[in-house]
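A quick write-up on the structure given underneath.
Values quoted throughout were computed directly from the atomic coordinates according to the rules given, and no laboratory measurement underlies them. Since this is a predicted model, take the numbers as computed values, not measurements. Note: ideal-geometry Cβ built from the backbone for every residue, glycine included; neighbour counts use all protein chains shown.
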Amino acid sequence: MLRFLIRRLIVALLVAATVMTLAFAMTRLSGDLAISIAGPSATQADIETVRKAYGLDRPLVTQFFDWVGRASVGDLGESFFFKRRVSELIGERLPVTLTLGLTGLVIALLVSLPLGILAAVKENTAFDRLVQIVALLGQAMPSFWLGLLLMIVFGLQLGWLPISGTDSWQGYIMPGVVLAFSAIPALTRLTRAGMIQAMASDYIRTARAKGLSRASILLKHALRNAAIPVVAIAAVQLGFMLGGSIVIEQVFALHGVGFLAWESIAKNDFPVVQADVLVLAVIYIGLTMLADLLNAVLDPRLRGA
Amino acid sequence: MRRGWRNAGTWAGAIIVGIAAFCALFAPLLVPHDPFAQDLGKRLLVPFWMPGTDPNHLLGTDQLGRDYLARLIYGCRISMMIGCSVSLVSGIIGITLGVLGGFMGGRVDDVVLFAITTRLSLPVVLVALAVVGLLGSSMTLLMITMGVLLWDRFAVVARATTMQVRNLDFVSAAWCAGCSRFRILAGEVLPNIASHLVVVATLEIALAILLEAALSFLGLGVPPPLPSWGLMIAEAKDYMFFSPWVIVIPGVCLFVLVLGINLLGDGLRDMLGARSDT
């Protein structure tokens with residue numbers, strides 16, 4: 001187990017280091033950052049001033065190791081636009097994104113676990129087919145469009161929920177539902193497949209032969225085994241949701257890290273952009289590691305891998 | 001019964017994709033109006049099912065008086081172009097990596113797996129937005145950026161299927177016959193995993209179309225005045241509370257097209273007997 005842990009940790013650190021490099025390279029793609037920061041009406045002297053002020057006159061290698069060295073200890077630099085520490089900015093905005101992501105995940109699980117279990121129990125019936133159709137529809141739904149439709153219906157016409165903002169918890173309902181939509185198809189299919197596989201196994205036959213009740217077989221024996229991949233994928237899906245929440249934050253004007261990144265891209269505020277990419281990637285890496293650990297704890301057979 | 005239902009889905013998907021492909025190919029011949037021609041005297045005309053419609057503009061006009069139907073048909077062309085080219089770029093990257101990793105195993109496979117893990121940890125929408133934001137939006141840049149970001153599923157499936165095929169008898173036979181490594185990969189392995197890859201390619205086209213729409217909606221995808229469906233929704237957003245149809249029409253098109261491609265992909269998967277874990 002310890003060896004597994006250490007190996008997993010080393011891979012995670014290597015991935016994080018690679019992401020750091022990619023995030024740095026990405027912001028340097030445009031060639032000369034000083035020109036973009038100074039703006040279209042800047043004179044040559046202005047550009048030189050900007051270049052000096054932000055340390056862009058140093059060799060690229062120096063800039064790179066400076067960024068890696070500082071970022072590794074949590075110093076993500078200073079925002080050009082907000083004139084504040086990037087780590088502070090992200091720290092302020094992160095709770096909004098995390099709340100949104102967790103809301104989305106909870107809604108997704110509340111929908112897809114029962115649907116997947118029922119579809120598996122009623123395999124090849126009309127209900128099963130209906131669930132599969134719902135999953136297909138969910139997969140094809142453009143999230144930003146669904147968000148706008150919900151705003152029109154529930155925000156404007158029915159007036160049940162606020163259209164934007166995070167003043168109250170109600171503000172998270174619509175964005176949470178929209179975000180959940182992206183994870184529901186995969187989670188439902190996985191629950192269904194896992195349950196079908198579990199129900200066909202020997203230990204379920206044994207449980208049946210013992211005369212256990214249907215509910216006990218389903219929930220205690222089958223679900224526990226089917227849940228292993230679902231738990232793992234749920235953690236990974238949360239990572240994807242946090243990364244993808246930028247679209248939904250923009251639709252509902254939620255000021256999370258995604259919204260921050262969107263603003264910063266428009267303003268050429270590259271320290272914020274590269275830090276944002278790094279933070280979201282590190283959260284994802286952490287979540288996948290958590291998923292692997294959970295798997296290993298729940299299913300000892302996986303520890304050797 | 002089950003088969004019949006499945007077939008109906010596949011047919012529906014094939015018909016939707018067929019219509020979309022037709023629209024994309026013959027857009028200039030099909031459009032009733034120039035999709036870029038503005039007419040401020042005819043702003044936000046309503047579509048045919050609402051009272052007070054203009055028979056010249058079946059689906060009405062947008063906030064600049066451009067014909068909505070014409071823009072939709074051209075938007076279909078853009079979606080299909082983006083979907084196919086992104087799938088091609090990501091397919092080349094993903095299949096190369098996946099087949100190499102699956103076939104060579106060992107160190108090479110470790111590197112491929114690491115690349116897949118790293119790619120998955122990058123927030124796609126954010127990175128694509130940042131690249132387009134820094135370099136300025138153009139169709140070519142958008143296709144390349146998305147292609148470079150979306151190869152993960154190709155790589156995962158190509159790697160897994162190559163591993164299954166690698167140890168089969170006909171590959172061993174080819175080794176014994178003295179075939180080169182390249183010949184075995186191109187002549188024996190690739191044809192045998194192709195059906196799985198076709199399925200991934202269809203699903204990837206759908207994914208790329210959705211991502212393009214999201215990027216265009218955020219203002220960093222297809223540059224205006226090109227009529228991308230995502231961009232049409234973004235431009236119409238300010239009017240959606242008074243005339244909801246302005247966002248409903250392009251959204252329904254997007255939804256139906258992606259649904260059609262997914263249905264076709266699922267149907268192909270059943271037909272080709274390819275079982276992919278996604």
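So which of A:Q250, A:Q170 is over 19 Å from A:T288 (Cβ atoms) and surrounded by fewer than 19 Cβ atoms within 10 Å (Cβ to Cβ)?
None of the other options fit; the residue is A:Q170.
When only residues in the stretch B:120-139 that are surrounded by 23 or more Cβ atoms within 10 Å (Cβ to Cβ) and more than 7 Å from every other protein chain (Cβ to nearest Cβ) count, which is nearest to A:V282 (Cα to Cα)?
Ranking the qualifying residues of the stretch B:120-139, first place goes to B:A128.
Checking B:S85 against (1) within 30 Å of B:D110 (Cα to Cα); (2) assigned to a loop (DSSP other than H, G, I, E, B), only one condition comes out false. Which one?
Failing condition for B:S85: (2).
Which one of these does B:N56 not meet: (1) surrounded by fewer than 17 Cβ atoms within 10 Å (Cβ to Cβ); (2) outside any loop (DSSP other than H, G, I, E, B); (3) more than 14 Å from chain A (Cβ to nearest Cβ)?
(2)
Contact list please: Cβ distance under 9 Å, first residue in the stretch A:124-141 and facing another protein chain (nearest Cβ under 10 Å), second residue outside any helix (DSSP H, G or I), pairs at least six apart or on different chains.
Pairs found: A:N124/B:M1; A:D128/A:K122.
Under 9 Å by Cβ, and 6 or more places apart or on different chains, what pairs join a residue from the stretch A:55-76 that is of a type in the set (V, I, T) with one that is assigned to a helix (DSSP H, G or I)?
What qualifies is A:V68/A:A17; A:V68/A:M20; A:V68/A:T21; A:V68/A:F24.
From (1) touching a helix residue (DSSP H, G or I) at 6+ places or on another chain (Cβ under 7 Å); (2) within 17 Å of B:P224 (Cβ to Cβ); (3) more than 13 Å from chain A (Cβ to nearest Cβ); (4) without any contact (Cβ under 8 Å) to a residue 24 or more places away in the chain, pick out the condition that doesn't hold for B:L100.
(2)
What's the total number of residues in the stretch B:49-70 that are of a type outside the set (D, E, K, R), closer than 22 Å to B:F26 by Cβ and touching a strand residue (DSSP E or B) at 6+ places or on another chain (Cβ under 9 Å)?
Of the residues in the stretch B:49-70, 5 are of a type outside the set (D, E, K, R), closer than 22 Å to B:F26 by Cβ and touching a strand residue (DSSP E or B) at 6+ places or on another chain (Cβ under 9 Å).
Quick check: is even one residue across the stretch B:67-90 among the charged types (D, E, K, R), in contact with a Pro (Cβ under 7 Å, 6 or more places away or on another chain) and within 22 Å of B:V252 (Cα to Cα)?
Yes, because at least one residue in the stretch B:67-90 is among the charged types (D, E, K, R), in contact with a Pro (Cβ under 7 Å, 6 or more places away or on another chain) and within 22 Å of B:V252 (Cα to Cα).
Of the conditions (1) in a helix (DSSP H, G or I); (2) within 14 Å of chain B (Cβ to nearest Cβ), A:R208 clears all except one; give me its number.
So A:R208 meets the others, but not (2).
A:L238 is checked against (1) part of a helix (DSSP H, G or I); (2) within 12 Å of chain B (Cβ to nearest Cβ) and fails just one. What number does that condition carry?
Only one criterion is unmet by A:L238, namely (2).
Only one of A:I163, A:I107, A:I117 is β-branched (V, I, T) and within 14 Å of chain B (Cβ to nearest Cβ). Can you tell me which?
Step by step, each of A:I163, A:I107, A:I117 is checked, and only A:I163 is β-branched (V, I, T) and within 14 Å of chain B (Cβ to nearest Cβ).
Quick one: which helices (runs of 4 or more DSSP H) lie wholly within the stretch A:1-99 and hold at least 3 residues that are under 19 Å from A:L287 (Cα atoms), within 14 Å of chain B (Cβ to nearest Cβ) and aliphatic (A, V, I, L, M)?
Answer list for the stretch A:1-99: A:2-27.
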